[in-house]
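Trainee: The following block contains the structure, expressed as structure tokens.
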Amino acid sequence: MQVQKVKSGHKQVKWHYQKTIQIPEKWVVKKLEDVVTVLDSKRVPLKESTREIRHGKHPYYGASGIIDYVDDYIFDEKLLCLSEDGENLRSRVSPIAFTIEGKTWVNNHAHVLRVKTNMSHVFLKYSLNRLSLLRYVASSAQPKLNQKDMCSITVICPTLSEQEKISSILSNVDNLISSYDDVIQSTKKLKIGLMQKLLTKGIGHKKFKKVKWLFGKEIKIPDNWKIVRLEETSKIVDSLHVTPSYSPKGFPMIRSTEIKSGDLKLDGAFRVSKKIYDQFTNNYSPQKNDIVMSRVGTYFVTSFVNTDERFCMGQNTLVIHPKINSHFLYIFLNSIFLNKQLEFLFDRTSGQKTMSLANIKKLRIFCPTLSEQEKISSILQLTHSRIEEFESKKSHLESLKKGLMQKLLTGQIRVK
């Protein structure tokens, strides 16, 4: 076996899971118990019924963050919490290490750590959130990181000065990511407000009329608008109610699980042979600018077809081929005005939510002139494009941060 040459100014050490790595000569590897004081004995869990009686202003923390507020506190300092149990130890949907400050209460689902003066609090938080802790986690239905195993976790420790500089860089990236989050959320709120206004008031109208809309209730819409059934705006094609056989190659088949809000994604879809494809497209072959819909489970989730690639629809789905502006109809089908109808129309007779084809055809759509449909959809598509632009920039920063963490926290890149 070839021995890796140690780089100048570096040394070879055993680290995470006994993995051998090279780190700068002045850096060391320590166990977590050497850089923190464990305060788990001070934790006190409170039942939900007790918290209801003792509701107050102080944050009550669990494994992944604040879960309630109570009238008293246990801790009153800056501390680091590390998840003790929960699926998040495996899935890492949210950070497992997080900071608490001021007057706080912590239950027995998060370890409480006071970071010693020879270690940067922020640097340690980044280090723990980067590590995979699966080998430290007890294997059970409910993942658990017990105190003994937690204390044995090894972390790379640069000089305190470098820890602080690295933390500053990563914090700046986090702040930028957070600012994009704020912009995305505010733009989404703007879009929702615009949708509600444009789908009832339109553009530049002065005359309005009251019309009966849902369950006898009245709503105001522009004088020249109509309320029509979905079947009047589109050709609606149900899928075959048979289970197909799949193939390694062939045409994509879209099942209800592939239908998600936004443009339809064919990547990852199951494939079917030409024979099965022909069978499932005998009545209709989906086209670009169609809308596809799920009828079972996450009922009435819709995707917009923005591709010329040929595909077919699987069970419990249908295709809507609009005769009006496709984007306008897609926007309306994802609006509050459609959701209110769905709450009353889905089939309550079975455990799984299902929309009957007859009820789908009866869904009521606000229908402006074709020219106004195009203007409304153009405004809302522009807003949606801005959201996508910000989400793309945020995603790029998250990838940048991941790469930076790998290189900065192991000394591959040095900070001066």
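No lab work stands behind these numbers, since they all come straight from the coordinates. The shown structure was predicted, so the numbers you read here are calculated from the model rather than taken from an experiment. FYI the Cβ positions are ideal-geometry reconstructions off the backbone, even for glycines, and counts take in every protein chain you see.
Trainee: Positive end of the charge dipole of the chain (Lys, Arg +1 and Asp, Glu -1 on Cβ, about the Cα centre): tell me which of Leu382, Ser167, Ala110 has its Cα farthest that way.
Mentor: Leu382
Trainee: Lysines near Lys11 by alpha-carbon distance under 29 Å, same-chain residues fewer than 8 away left out - which ones?
Mentor: Correct list for Lys11: Lys19, Lys26, Lys30, Lys31, Lys116, Lys125, Lys148, Lys165, Lys401, Lys402, Lys407, Lys416.
Trainee: Of the cross-linked pairs Lys188/Lys235; Lys103/Lys189; Lys47/Lys103; Lys47/Lys394; Lys209/Lys375; Lys274/Lys362, which ones have a Cα-Cα span greater than 29 Å in the structure shown?
Mentor: Numbers: Lys188/Lys235 31 Å; Lys103/Lys189 33 Å; Lys47/Lys103 19 Å; Lys47/Lys394 38 Å; Lys209/Lys375 21 Å; Lys274/Lys362 34 Å.
From the list (Lys188/Lys235; Lys103/Lys189; Lys47/Lys103; Lys47/Lys394; Lys209/Lys375; Lys274/Lys362), the Cα-Cα distance tops 29 Å for Lys188/Lys235; Lys103/Lys189; Lys47/Lys394; Lys274/Lys362.
Trainee: Given +1 on the Cβ of Lys and Arg, -1 on the Cβ of Asp and Glu, and no further charges, what dipole in debye does region 226-367 carry about its Cα centre, rounded to the nearest 20?
Mentor: Values: 20 positive and 12 negative charges, 36 e Å.
I would put it at about 180 debye.
Trainee: Here is a follow-up. Ratio to report: Rg/Rh of region 10-157, with Cα atoms as the point set and Rh obtained by the Kirkwood method; give two decimals.
Mentor: Values: Rg = 16.3 Å, Rh = 16.2 Å.
My calculation puts Rg/Rh at 1.01.
Trainee: Using 0.36 nm times the number of residues separating Lys407 and Ser395, minus their current alpha carbon distance, what extension gain do you get? The partial results should precede the final answer.
Mentor: On the way: separation 12, 0.36 × 12 = 4.32 nm, distance 1.88 nm.
Full extension from Lys407 to Ser395 adds 2.4 nm.
Trainee: Filter the GluC sites (Glu not before Pro) in region 64-165 to those in DSSP coil with at most 14 other Cβ atoms within 10 Å of their Cβ, and list the result. Working shown, then result.
Mentor: Numbers: sites: Glu77, Glu84, Glu87, Glu101, Glu162, Glu164; in loops: Glu77, Glu84, Glu87, Glu101.
Here the sparse-neighbourhood loop sites are Glu77, Glu87, Glu101.
Trainee: Right, next: To the nearest 10 degrees, how steep is helix 336-345 against the longest Cα principal axis of the chain, on a 0 to 90 scale?
Mentor: Helix 336-345 and the main axis of the chain meet at about 80 degrees.
Trainee: Additional query: Cα atoms only, region 226-367: Rg and Dmax in Å?
Mentor: Final numbers for Rg and Dmax: 14.7, 48 Å.
Trainee: Using the Cα atoms as the points, what is the convex hull volume per residue of region 97-151 in Å³? Walk me through the numbers before you get to the answer.
Mentor: Working: hull volume 5.5 nm³, N = 55.
For region 97-151, the hull spanned by Cα atoms encloses 100 Å³ per residue.
Trainee: Using only Cα atoms and rounding to the nearest 10 degrees, what angle (0 to 90) does helix 160-201 make with the longest principal axis of the chain?
Mentor: Tilt relative to the chain: about 20 degrees.
Trainee: Calculate for the chain the 222 nm mean residue ellipticity that helices alone would give, adding -39,500 (n - 2.57) per DSSP H run of length 4 or more and normalising by residue count, nearest 500 deg cm²/dmol.
Mentor: One gets -11000 deg cm²/dmol as the mean residue ellipticity at 222 nm.
Trainee: Here is a further query. Determine the shape class of region 141-227: with a ≥ b ≥ c the square roots of the Cα gyration tensor eigenvalues, call it rounded for a/c under 1.5, and otherwise prolate if a/b is greater than b/c, oblate otherwise.
Mentor: Details: a/c = 9.64, a/b = 2.61, b/c = 3.70.
In terms of gyration-tensor shape, oblate.
Trainee: Related question: Against the longest alpha carbon principal axis of the chain, how many degrees, from 0 to 90 and to the nearest 10, is the axis of helix 370-408 turned?
Mentor: Between the helix axis and the principal axis of the chain, the angle is about 20 degrees.
Trainee: Here's something else I'd like to know. Can you say what percent of the DSSP beta bridges in region 1-143, counting only those with both residues inside, are antiparallel? Round to 5.
Mentor: Details: 24 of 26 bridges.
That works out to approximately 90 percent antiparallel.
Trainee: While we're here: Compute the length gained on full extension between Ile227 and Gln315: take 0.36 nm times their separation in residues and subtract their Cα-Cα distance, giving the result in nm to one decimal. Numbers along the way, then the final one.
Mentor: Values: separation 88, 0.36 × 88 = 31.68 nm, distance 3.03 nm.
The span from Ile227 to Gln315 would gain 28.6 nm if fully extended.
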